[in-house]
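For reference, the structure is listed below as structure tokens.
The values are calculated or read from the model by the stated rules, or taken from the named source; none is laboratory data. Computed from a predicted structure; not experimentally measured. As a convention, Cβ positions derive from the backbone with ideal geometry for all residues, glycine included, and neighbour counts pool all protein chains shown.
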Amino acid sequence: MFMEERQKDIISRINETGRILVSEIQEYYQISADCARRDLRVLESRGLLQRTHGGAIAVNPKERYPTPTYNPTDIKEIQTDYLAVAQKAIEYIQNRDVIYITTSLVGYYMAENLPEDADITVLTNSVTIAEVLRKKMNVSVILLGGEMSHRGHCHDFYTIQMVKNIRMDKAFLSHTALSLDFGASIHDPAGVEFGKAVMKNSRMNIGLYPSKKTGKTSIHSVCQVKDYDLLITDDHVSEDFLTQIRELGVSIEVVKLI
């Protein structure tokens, strides 16, 4: 089989199943691992796939602007990649920690999956996450108030002033997108100063970015990649992105998806 035919067949397989491993390419076409990876690099450069750690996945559709009333409870089907990242994040929480949990879906999954005996204090500016946490008897909740958006969270002047008066052990943050050149970015400029205030008052900042959010940009930059002490993502992340993150000296945890 010619190289062009092989690469076309690789794309057909990915479009059919959603992903392919380097080891599978070796087996299907009886080629070396180096040759398989070279095929994937070529196809990624053409925008036909996204390389991951150990293989490749289909190109993600472009992110859509969230609706004005979007809430994590609107997502009825469990997003396994977001859940896996959330569960890994929980492993970094210790008893008596004071933490901030992001308003995003991955933060909602964190709140839902916190152990019942977790003796911690949680700051949140999301009424949805606060509602989940109020039922966990050992968790103290500090609801950061202000003018509430239609999405159910606050990030205005009053919210920022509250954050500035609280010291956190760890902040678990997730924004719309994360790229090497633009950092963490969001659609709504109102959340930029709030995000900066949280990070400034936290001893450890942990970025929670399922691979769907990586290598992309939104409109307003909140922080640079190097401002995080740790990033957590899943194993569908681009191989190039993973390599470049490590070259920056930023610690990264890659969660294996089942």
When (1) touching a residue at least 40 places away in the same chain (Cβ under 8 Å); (2) part of a helix (DSSP H, G or I); (3) not small (Gly, Ala, Ser) are applied to residue 254, the one that fails is (2)
- Query: Within the bounds of the stretch 156-173, is there any residue that is part of a helix (DSSP H, G or I), basic (Lys, Arg) and within 24 Å of residue 212 (Cα to Cα)?
  - Reply: no
In the stretch 9-53, anything part of a loop (DSSP other than H, G, I, E, B) and under 16 Å from residue 235 (Cα atoms) is listed as 18, 49, 53
Of those in the stretch 213-237 that are at pLDDT 90 or above and either in a loop (DSSP other than H, G, I, E, B) or among the basic types (Lys, Arg) (or both), the residue surrounded by the fewest Cβ atoms within 10 Å (Cβ to Cβ) is 226
_Take residue 175 and tell me if it is crowded, with 21+ Cβ neighbours inside 10 Å and either at pLDDT below 95 or in contact with a strand residue (DSSP E or B) (Cβ under 8 Å, 6 or more places away or on another chain) (or both)._
yes
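Confirm whether residue 245 is more than 21 Å from residue 83 (Cα to Cα) and β-branched (Val, Ile, Thr). Talk me through it step by step, then tell me what you get.
Working: more than 21 Å from residue 83 (Cα to Cα): yes; β-branched (Val, Ile, Thr): yes.
So residue 245 fits the description; yes.
When you go through 93, 99, 78 one by one, which is the residue that is in a loop (DSSP other than H, G, I, E, B), within 23 Å of residue 231 (Cβ to Cβ) and in contact (Cβ under 8 Å) with a residue 60 or more places away in the chain?
Details: 99 fails: in a loop (DSSP other than H, G, I, E, B); 78 fails: in contact (Cβ under 8 Å) with a residue 60 or more places away in the chain.
Residue meeting the stated conditions: 93.
Being assigned by TED's automatic domain parsing to the domain that holds residue 209, surrounded by 15 or more Cβ atoms within 10 Å (Cβ to Cβ), farther than 30 Å from residue 236 by Cα and small (Gly, Ala, Ser): is that true of residue 149 here?
Numbers: assigned by TED's automatic domain parsing to the domain that holds residue 209: yes; surrounded by 15 or more Cβ atoms within 10 Å (Cβ to Cβ): yes; farther than 30 Å from residue 236 by Cα: yes; small (Gly, Ala, Ser): yes.
Yes.
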Selection from the stretch 177-202 of residues closer than 20 Å to residue 111 by Cα and in contact with a Lys or Arg (Cβ under 7 Å, 6 or more places away or on another chain) yields 202
